[in-house]
Amino acid sequence: MKTSVFLFVLSCLFITLVSSCKNKQPITTVTLLENQLDSLYTNQFPNPDQPGGTVLIKKGDKTLFLKSYGVADMQTGEKNTEHTLFNTGSISKTFVANGILILQQRGLLSIEDAIAKYFNDFTNQEIANKIKIKHWLSHTSGIPDVRKVEQEREFYLTARDTQNFAPLKKVDSLYFEPGERFKYSNPVYNGLALIIDQVTGADWQKFIKKEILEPSGMNTTKIVQGSYPSDGVAHGYIYKEGKYQEQDYGEEPTYGASGNSGVYSSVIELTQYEKAIQDNVFLNKELTDQSRTVWKPYNWKSQKEPLIGYSWFIEKDTFLSEHNSPGITFIYHTGSNGGFNSFYITIPEKDILIIGLFNQPLKEYKKLVFSTIDIVKEHSWGE
């Protein structure tokens, strides 16, 4: 009898131990990747009651990492989530560029068109005849940014696309002949947005919503038309004079100009945007590939090789000119606008997408991006 009781207790103990081992989760490669990334971004945003952001990393349809940090609104304490809408900064330019390419696809314009076709009121019409739409798409037009933003700060706090673009019509010389070099320009994308207005006969924001956002399933993404969106968005902050201060519409000059930085989206909906791009939902494969292939004009004179297609930056083997990744192509755009920072990186060879949206400026921006890529690479690109 005693032996039977002993054997019964022993068997129960064995079953408990086996069950415990089965239920205990092993430390996997994915877990280690998540822990390293979380540590990286927790160090960037240590206080959960301060502005932060959201990071999403995918390999194909598999999510490798998704986590949010800090608050979207310091007044209400609302937390950032994967559905929070952030100002994407210059990532917005890719939407405008795709809008232009959709119009080309439909035969309603050509990127070979001179901008004089759309703007006949340039002071120097010879300049308008030299510059083609493709030069604006690739930041190779050589047109100077002659806006006096700091001197006319109050005006530029609310100035929209038309007002931000208008000073460019008065230029009397170029930095260089169109196509010779690269020089990044925000206001030329205000001009591209105005071309969409002209060709479609409607606000370019409505055109992008109908032709890109809706087909991509980006149902909550917003494009500003002057003022700040009234709901569902994060506010941007900067740390100044010992406290966080809001720095977006009404505090940051040129913020009301949408063509260069007016898209508010979430990491979730930007993944839908990327999927729609790859699946040629709104733009055919030929034009998509063209937009994401480095364009080198026939008259290129810079000693540095070009790194841009039509809005997208493309680097092979190196990323942002510093990060060595032999054999890997990075297609990306970054964003900075007031209290917002963002990055959007796709790595076709590895089927990797990395998106970060933040409502305070990042400390050591490039280092953070490089470290994120290194961690994913260290774990065999999520294989």
*Among the residues of the stretch 108-131, which ones are assigned to a helix (DSSP H, G or I) and either surrounded by fewer than 14 Cβ atoms within 10 Å (Cβ to Cβ) or touching a helix residue (DSSP H, G or I) at 6+ places or on another chain (Cβ under 8 Å) (or both)?*
I115, A116, Q125, E126, A128, N129
*Just one of the numbered conditions (1) closer than 20 Å to I354 by Cβ; (2) surrounded by fewer than 16 Cβ atoms within 10 Å (Cβ to Cβ); (3) modelled with pLDDT of 95 or more is not true of S266; which one?*
(2)
_Can you tell me which condition Q360 does not meet? The list is (1) more than 27 Å from D61 (Cβ to Cβ); (2) surrounded by fewer than 21 Cβ atoms within 10 Å (Cβ to Cβ); (3) under 18 Å from the mean Cα position of the chain (by Cα), and all the others hold._
(2)
*Quickly run through the stretch 131-164 and pick out the residues that are on the phi < 0 side of the Ramachandran plot, touching a strand residue (DSSP E or B) at 6+ places or on another chain (Cβ under 7 Å) and not polar (S, T, N, Q).*
I131, K132
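Each row is one residue, and each column tells you yes or no for (1) modelled with pLDDT under 95; (2) farther than 27 Å from Y298 by Cβ; (3) part of a loop (DSSP other than H, G, I, E, B); (4) open to solvent by less than 10 Å² (accessible area, probe 1.4 Å).
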| site | (1), (2), (3), (4) |
| --- | --- |
| H135 | no, no, no, no |
| F155 | yes, yes, no, no |
| P167 | no, yes, no, no |
| P178 | no, no, yes, no |
_Members of the stretch 224-234 found to be open to solvent by 30 Å² or more (accessible area, probe 1.4 Å) and either in contact (Cβ under 8 Å) with a residue 12 or more places away in the chain or within 12 Å of N359 (Cβ to Cβ) (or both), listed by number_ = Q225, S227, Y228, G232
*Of the residues in the stretch 46-68, how many are free of Cβ contacts under 8 Å to residues at least 60 places away in the same chain and assigned to a loop (DSSP other than H, G, I, E, B)?*
5
*State yes or no: is G77 part of a loop (DSSP other than H, G, I, E, B), on the phi > 0 side of the Ramachandran plot and either among the aromatic types (F, W, Y) or touching a strand residue (DSSP E or B) at 6+ places or on another chain (Cβ under 8 Å) (or both)?*
yes
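The values are calculated or read from the model by the stated rules, or taken from the named source; none is laboratory data. Since the structure is predicted, the reported quantities are computational estimates derived from the model, not experimental observations. Positions of Cβ are generated from backbone atoms using ideal geometry, with glycine treated the same way; all protein chains shown enter the neighbour counts. The area values use the complete protein model at the heavy-atom level, side chains included, leaving out ligands, DNA and RNA. Shrake-Rupley method; radii C 1.70, N 1.55, O 1.52, S 1.80 Å.
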